[in-house]
Amino acid sequence: MIATAGSTVPKFPSDFLWGFATASFQIEGAVNEDGRGKSIWDDFSRIPGKTLDGRNGDVATDSYNRWKEDLALLREYGIKAYRFSIAWSRIIPVGGRNDPINPKGIEFYSKFIDGLLEAGITPFVTLYHWDLPQGLHDRYGGWLNKEEIVQDYAHYARVCFQAFGDRVKHWLTLNEPWCTAILGYGRGVFAPGRSSDRNRSPEGDSSTEPWIVGHSLILAHAHAVKIYREEFKPTQGGQIGITLNGDWAIPFDDSPENVEAAQHALDVAIGWFADPVYLGFYPEHMKKMLGERMPEFTAEEWTVVKGSSDFYGMNTYTTNLIKGGGDDEFQGKAEYTFTRADGTQLGTQAHCAWLQDYPEGFRALLNYLWNRYKLPIFVTENGFAVKDENSMPLEEALQDHDRVEYFRGATQALMSAVMEDGVDVRSYFPWSFLDNFEWADGYSTRFGVTYVDYETQKRYPKESAKFLVKVQTSPCVKSHP
Ligand code: PNW
């Protein structure tokens, strides 16, 4: 639907940011170059058994060395914005507030930002996308140590605002804190790999550590925002917020138990972080579920936490059907399935077990977040990994039909949410610009709209890249004056 002048139908925002997203550790490689310090993913990804294909992030898509080539491709795609993350250990190799700053690290991102701006591409910068400096993990336990990590992260953020804030006007403090806390300190499948499961990790307590880490993450984010607002925003004039993962939850059927369970699933997946940051409280369900294990904020901390995001940063991939029951606290003691009561599947299965295509869920989640948190939404990730793409010959992989269908559905859902439901959405960043290091999956799962041949590091646009480039320039999403 196209908005016409004078109608009550909302207009598609003229400054809407269409782009693609990546993250430092997943693309940069060059782990020993120009004074970079180790991150917790360096060694973790080298431990046999931690990645599916046994491969690590040492080279990835070699984007640290090939940034000019990547920039040329972004320019060729003609997108408006690019989301990437800064590697903390390139800026401050050991990580702490009294440790040396690495000018080469600053120079690298500075040149890249200049290159984007020259190409007319808006940089959307994540400060932390899971690559904690190993030095801080070794020194005091990283995110487990609230007193230290909050100060060190705030210092690192300040260094970045100082170095890049004259040119960067869109900041994300943290990417998906749920993943950092649960996958890194609960399930133990992401670095630093801590868990109560002694087959996985010699150390860790999955019943307490994730909640402690989550608490530190919220405070670290909030303090960085306070610094930005007080010291930089008045002159630099940008926006800053957090970006949360979260998938739509549909009750398996309309039994009260399953309806309640769907809300509980959302409370832990999203509310754990979003309720404190936007509303000023932890979800009741979490407090009840965790009792004394749920950390509390002091009154003084709440004043920093509540309202600490200028917008809602949204990463979303799928929808789950939810049943009550089970004892998995990380899912809010709810069970997740893609199989409907009648035995059919919710949508097309991706390469990863946790992902099926269901665009209606994207629209529903946009509405839920808009109604609950009442702030403009920046969609900072959304994407699909085609089943078995990694074992296909190049020509076949480039015809990524299921990914095109995924983005067709998602962009239509986005348009409906904006134009029909009146949800205020400001950006759409498909994950990912390139195939890259997919964490515990290694390189076996491909999320890129650009195929990367890891033997030659050659990049090849897939059909989905062409599709998305066309969507953003089509008349019904073009800016309305
Ligand atoms: C996000 N899950 O991670 C990250 O922000 C990206 O770095 C990543 O490459 C992308 O999504 C694709 O996985 C997620 O298990 C990792 O539900 C795991 C889950 C969700 C998101």
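The table below gives the values:
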read-out	value
Single condition Ala299 does not satisfy, out of (1) closer than 25 Å to Val150 by Cβ; (2) surrounded by 14 or more Cβ atoms within 10 Å (Cβ to Cβ); (3) free of Cβ contacts under 8 Å to residues at least 60 places away in the same chain; (4) of a type in the set (Gly, Ala, Ser)	(2)
Condition broken by Phe362, with the remaining ones in (1) crowded, with 18+ Cβ neighbours inside 10 Å; (2) on the phi > 0 side of the Ramachandran plot satisfied	(2)
So Glu381, is it of a type in the set (Asp, Glu) and within 18 Å of the chain's Cα centre (by Cα)	yes
Matching residues, the range 114-135, being more than 16 Å from the ligand (Cβ to nearest atom) and either more than 22 Å from the chain's Cα centre (by Cα) or in a strand (DSSP E or B) (or both)	Asp114, Gly115, Leu117, Glu118, Ala119, Gly120, Thr122, Pro123, Pro133, Gly135
Residue among Phe273, Phe338, Phe311 that is surrounded by 14 or more Cβ atoms within 10 Å (Cβ to Cβ) and over 20 Å from Ala262 (Cα atoms)	Phe311
Counted residues, the range 42-62 - those being more than 20 Å from Leu132 (Cβ to Cβ) and buried (at least 20 other Cβ atoms within 10 Å of the Cβ)	1
Leading residue by the ranking (nearest to the ligand (Cβ to nearest atom)) among those in the range 313-349 that are of a type in the set (Ser, Thr, Tyr) and touching a residue at least 60 places away in the same chain (Cβ under 8 Å)	Tyr317
The range 366-386 - residue that is within 14 Å of the ligand (Cβ to nearest atom) and of a type in the set (A, V, I, L, M) and, of those, surrounded by the most Cβ atoms within 10 Å (Cβ to Cβ)	Ala385
Residues being surrounded by fewer than 21 Cβ atoms within 10 Å (Cβ to Cβ), under 22 Å from the mean Cα position of the chain (by Cα) and in a loop (DSSP other than H, G, I, E, B) - total across the range 241-265	0
Which listed residue, of Asp197, Asp166, is in contact (Cβ under 8 Å) with a residue 40 or more places away in the chain, more than 22 Å from the chain's Cα centre (by Cα) and either surrounded by 18 or more Cβ atoms within 10 Å (Cβ to Cβ) or away from the ligand (no atom under 16 Å from the Cβ) (or both)	Asp166
Residue within the range 97-111 that is of a type in the set (A, V, I, L, M, F, W, C), away from the ligand (no atom under 16 Å from the Cβ), crowded, with 22+ Cβ neighbours inside 10 Å and more than 16 Å from Lys38 (Cα to Cα) present	yes
The one condition in (1) more than 18 Å from Pro210 (Cα to Cα); (2) away from the ligand (no atom under 16 Å from the Cβ) that Pro276 fails to fulfil	(1)
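Just so you know, all these numbers are worked out from the coordinates, no wet-lab data involved. Treat the numbers as computed from the prediction; the structure is a model and nothing was measured. Reconstructed Cβ throughout: ideal geometry from the backbone, glycine too, with neighbour counts over all protein chains shown.
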